[in-house]
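Visitor: Structure provided below as structure tokens; questions to follow.
The values are calculated or read from the model by the stated rules, or taken from the named source; none is laboratory data. Source: prediction; values computed, not measured. Here the Cβ is made from the backbone with ideal geometry for all residues, glycine too, and neighbour counts use every protein chain on show. Side chains included, ligands, DNA and RNA excluded: accessible areas come from the protein's heavy atoms. Shrake-Rupley method; radii C 1.70, N 1.55, O 1.52, S 1.80 Å.
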Amino acid sequence: MAAVRGELEEFAAEVFEPFARKDQRWWGQVYLRGLLTDGQRKSVEPMAARLGEDGNRQALAHFVTTSPWDSSHIRARLAWKMEKVIRPTVLIFDDTGFLKDGNASACVSRQYTGTAGKVTNCQVGISLHLASDHASAAVDWRLFLPETWAPGSVKADPDKVARRTACGIPDDIGHVEKWQLALDMLDETRSWGIEVPVALADAGYGDAAAFRHGLQARGLGYVVGISTTLSAQPSHAMPLAEPYSGMGRRPVAKYPDKPQSVKQLVIAAGRKEAKPVQWREGSRPGTGRSGFKRMYSRFAALRIRPAGREVRQAADGPELPECWLLAEWPASQGEPVQFWLSDLAASTPLTTLVRLAKLRWRIEHDYREMKQALGLAHFEGRTFTGWHHHVTLVSAAHAFCTLQRLAAAPKDTAPA
């Protein structure tokens, strides 16, 4: 830490410039140092103990939990700074769980999280990351509010609703679907002047037709994961209308055959459609050009027409719009194992579709670093504002680490 203390102070001065008071800028820099200092636990008390004479536990707790600063102002500064060095080619949306033992923290509930791979007692945070092949950074966050915390919901839990005031949850914060929170973050980052042409997300978002339509309405292309059961028509299918009898309303054109699942469409196309693609080299020793393991599999790309009520309602006429269906079908597997939808141009090469689909690994890389090294899930406060303050400060600490890594990397390499 001593070797980079000066650089950290310069970084903090720039990112925390929106703070109204000098003491806020000071404790922001101290909190960053606490997150970056060695130690397993990154909650206020153990950080204060490691910070020596700067470790004022009460002041740090006040700064992160109740001090009146707007985390969105800090995230905007962070986004502007990181956009310059990352040169993002995609935005990535995802969510991660914050496991909890008790029920007092804002928005905690029994809900599914991929962090545990099951339904468990947790908070869920949705994040937006700027990413390119060589780096990524989380620049926006939302804390998901389950229906049990939403007054007026049929699923409202009276005990949870009663805790909203103690948790400092604003009255205008209600239950909003995760995909809509992702679009809200997209709108916020665009209001900061951040424009990136392609969005990536997993099936938790890609299965929602409203999310895909929201991206299109905002002029973004997408490559999103989908479930195997999502239904579609093959690209050559066309709606047909029965002959008009001359009486009553004219028949509406419909597709003569029922849609099939995307898995059925790929299997029907056959293994011959799957081509070998290498999308990058990993970090383990292997046979790649740089001496590392090649990330390699077989992929099929088909033109299809996604179906479903929401898609039909959004379509301009009876003909469903075309898009790409990308499927990973390893040589060792009897059927495809993963699927994506993309509205990128019909001329997009298979290698580009694969590279973009697989670039979502960067968000897992970010979560791992922020949780294991920087205490993302260590916040012990119970307030809604405190949670947003903490995750914003962890994102700043992670961005500082990314800047240090990029500065130290050879210019002719693309560090992970």
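Visitor: Any idea what diffusion coefficient region 1-48 gets from Stokes-Einstein, in µm²/s, Kirkwood Rh on alpha carbon pairs, 20 °C, 1.002 mPa s?
Guide: Estimated via Stokes-Einstein, D reaches 190 µm²/s.
Visitor: So if R0 is 22 Å, what FRET efficiency would residue 180 and residue 372 give, r being the distance between their Cβ atoms, rounded to the nearest 0.05?
Guide: 0.15
Visitor: Ok, one more. Enumerate the amide H contacts of residue 37 below 5 Å, restricted to partners 5 or more residues apart or on another chain; note that Pro and chain-start residues carry no placed amide H.
Guide: none
Visitor: Mind checking Rg over Rh on region 49-168, alpha carbons, Kirkwood formula for Rh?
Guide: Answer for region 49-168: 1.04.
Visitor: Magnitude of the Cβ-charge dipole of region 1-126, K/R +1 and D/E -1, about the Cα centre, nearest 20 debye?
Guide: Numbers: 17 positive and 15 negative charges, 45 e Å.
Once rounded to the nearest 20, the dipole reads 220 debye.
Visitor: Please work out the Cα convex hull volume for region 86-132 and give it in Å³ per residue.
Guide: Numbers: hull volume 3.7 nm³, N = 47.
Taking only Cα atoms, region 86-132 has a hull volume of 78 Å³ per residue.
Visitor: Shifting gears a bit: Determine how large the accessible area of residue 112 is when every protein chain is in place; take a 1.4 Å probe and give Å² rounded to the nearest 10.
Guide: So the heavy atoms of residue 112 present about 130 Å² to solvent.
Visitor: If you don't mind, another one. In nm, give the distance between the simple-model label positions of residue 261 and residue 21, each being 7 Å from the Cα along the Cα-to-Cβ direction.
Guide: 5.8
Visitor: Sticking with this one: If packing is taken as the average count of other Cβ atoms within 10 Å, what order do 169-177, 134-142 fall into, highest mean first?
Guide: Details: 169-177: 13.2, 134-142: 25.0.
Result, highest mean Cβ count within 10 Å first: 134-142, 169-177.
Visitor: Residues of region 296-321 with backbone nitrogen within less than 15 Å of a virtual label 7 Å along the Cα-to-Cβ line of residue 337, please, listed as ranges.
Guide: Within reach of a label on residue 337: 296-300.
Visitor: Determine the sum of side-chain charges near residue 69: Lys and Arg each +1, Asp and Glu each -1, restricted to other residues whose C-beta is under 15 angstrom from that of residue 69.
Guide: Taking every Cβ under 15 Å from that of residue 69, the sum is +2.
Visitor: Turning to a different aspect of this structure: What is the percent of Cα-Cα separations in the chain that go past 37 Å?
Guide: Percentage above 37 Å: 31.
Visitor: To the nearest 500 deg cm²/dmol, what mean residue ellipticity at 222 nm is calculated for the chain from DSSP H runs of n ≥ 4 alone, each contributing -39,500 (n - 2.57), summed and divided by the residues?
Guide: That comes out to -11500 deg cm²/dmol.
Visitor: Ok, one more. What angle do you read, to the nearest 10 degrees and between 0 and 90, between the alpha-carbon axis of helix 178-191 and the longest principal axis of the chain?
Guide: Roughly 70 degrees between the two axes.
Visitor: For helix 22-36, what angle does its Cα long axis make with the longest principal axis of the chain, in degrees from 0 to 90 and rounded to 10?
Guide: Relative to the chain, helix 22-36 is tipped by roughly 70 degrees.
Visitor: Turning to a different aspect of this structure: Using Cα pairs under 8 angstrom and six or more residues apart, how large is the relative contact order of the chain, in percent?
Guide: 18
Visitor: Same structure again: Would you work out the charge dipole size for region 333-416 about its Cα centre, treating the Cβ of every Lys and Arg as +1 and the Cβ of every Asp and Glu as -1, and quote it to the nearest 20 debye?
Guide: Magnitude of the dipole: close to 140 debye.
Visitor: Hey, another quick one. Could you check how many percent of all C-alpha pairs in region 157-239 are farther apart than 18 Å?
Guide: Above the 18 Å cut-off, region 157-239 has 58 percent of its Cα pairs.
Visitor: How much accessible area per residue does region 70-184 have, in Å², with a 1.4 Å probe? Walk me through the numbers before you get to the answer.
Guide: Numbers: 4710 Å² over 115 residues.
Here the residues of region 70-184 average 41 Å² of exposed surface.
Visitor: Which order do the peptides 235-247, 148-160 take when ranked by the mean count of other beta-carbon atoms within 10 Å per residue, highest first? Each step should come with its number before you reach the end.
Guide: Numbers: 235-247: 10.8, 148-160: 14.5.
Those peptides, ordered most packed to least, come out 148-160, 235-247.
Visitor: Compute the long axis of helix 158-167 from its Cα atoms, compare it with the longest principal axis of the Cα atoms of the chain, and write down the angle in degrees, 0 to 90, nearest 10.
Guide: That works out to roughly 50 degrees.
Visitor: Now a separate question. Restricting attention to region 322-416, which trypsin sites (Lys or Arg not before Pro) occupy a DSSP loop and are surrounded by at most 15 other Cβ atoms within 10 Å?
Guide: 411
Visitor: Let me ask you something else. For residue 375, what charge total do you get from the other residues with a beta carbon under 9 Å from its beta carbon, if Lys and Arg give +1 and Asp and Glu give -1? Intermediate results must be reported in sequence, preceding the final value.
Guide: On the way: positive: 41, 42, 371; negative: none.
Net charge in that neighbourhood comes out at +3.
Visitor: Sticking with this structure for a sec: Can you tell me what the convex hull of the Cα atoms of region 308-397 projects to on average, as an area in nm²?
Guide: 10.9
Visitor: Another one. Where nothing but the Cβ of Lys and Arg (+1) and of Asp and Glu (-1) is charged, how large is the charge dipole of the chain around its Cα centre, in debye to the nearest 20? It would help to have the intermediate numbers written out before the result.
Guide: Details: 53 positive and 45 negative charges, 212 e Å.
With Lys and Arg at +1 and Asp and Glu at -1, about 1020 debye.
Visitor: So what is the relative contact order for region 226-343, in percent, with contacts set as C-alpha pairs under 8 Å and at least six apart?
Guide: Result for region 226-343 is 26 percent.
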